[in-house]
Amino acid sequence: EGVLNLLPIYADHILYPTLSHQSFMTEVHHITSDGKDKGVVYSEMQGRENSDGSLVDRAILDLLYPKDCAYSSETGGKMKNLRVLTNDQVMRYHKENYTPDNVMFVLTGNVEEGEFLSALDKVELSVKQKSGGDGGVVPKVQGGRPWIHHVIPDMDLNAVGVMPPPPTSSSMEIEKDEKKEKPLE
């Protein structure tokens, strides 16, 4: 019940955030008077980029996916890019991609369908009110929707550091069955 009450508030925060320059300085990145990089997102990415698991994860993604594929992206950004990112860029990206026609709500667990749809009705009403009734749809940018338009590429199993996946249990069973059927010589 709590999550359904918060859904309209959450959706409003995602679709219509306050992206002020002051918030950007606090939340994303700024340089202190003594020359140190600071910011909540910057600090999170600093921790992520310097942990062993994250370094391995990043190397795997770089091996598996081309640079223009959304699956190769570092979703939180990279520290070097955060240093030059501006709030105007964040606002432009948000306006182009965080639109009502590009949102999907997925809710799992023991929730009544009717209650979930009722909560979505509140979200839809809010969107219509804030957009003047047009649903808040904005023209898409040339690049399109990064998680929709890029097909997951085939893995290059010959790339350095990439090992082919092990056979599945069903393929191993087929191999066992084939060996049983062969007469002994």
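Every number in this text was worked out from the coordinates using simple rules, so none of it is lab data. Keep in mind it's a predicted model, so treat the numbers as computed, not measured. So basically every Cβ, Gly included, is an ideal-geometry build from the backbone, and we count neighbours across all protein chains shown.
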Problem - Overall form of segment 68-137 per C-alpha gyration tensor (a/c, 1.5; a/b vs b/c) - result: oblate
Handout entry: Cα-projected label distance for I60 with S43, points at 7 Å along beta-carbon direction, nm
Key = 2.9
Handout entry: Distance between modelled label sites at D34 and H13, nm, 7 Å Cα→Cβ extension
Key = 3.2
Exercise for the section: Among L15, T86, A59, flag the residue with its Cα farthest along the positive direction of the charge dipole of segment 3-90, charges on Cβ as +1 for Lys/Arg and -1 for Asp/Glu. Expected result: T86
Exercise for the section: Order these peptides, 13-24, 120-131, by their mean beta-carbon neighbour count within 10 angstrom, highest first. Expected result: 120-131, 13-24
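Using a 10 Å cut-off on Cβ atoms, rank the peptides 54-64, 101-111 from the highest mean neighbour count down.
54-64, 101-111
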Problem - Cα-based Rg / Dmax (Å) for segment 9-92 - result: 14.7, 41
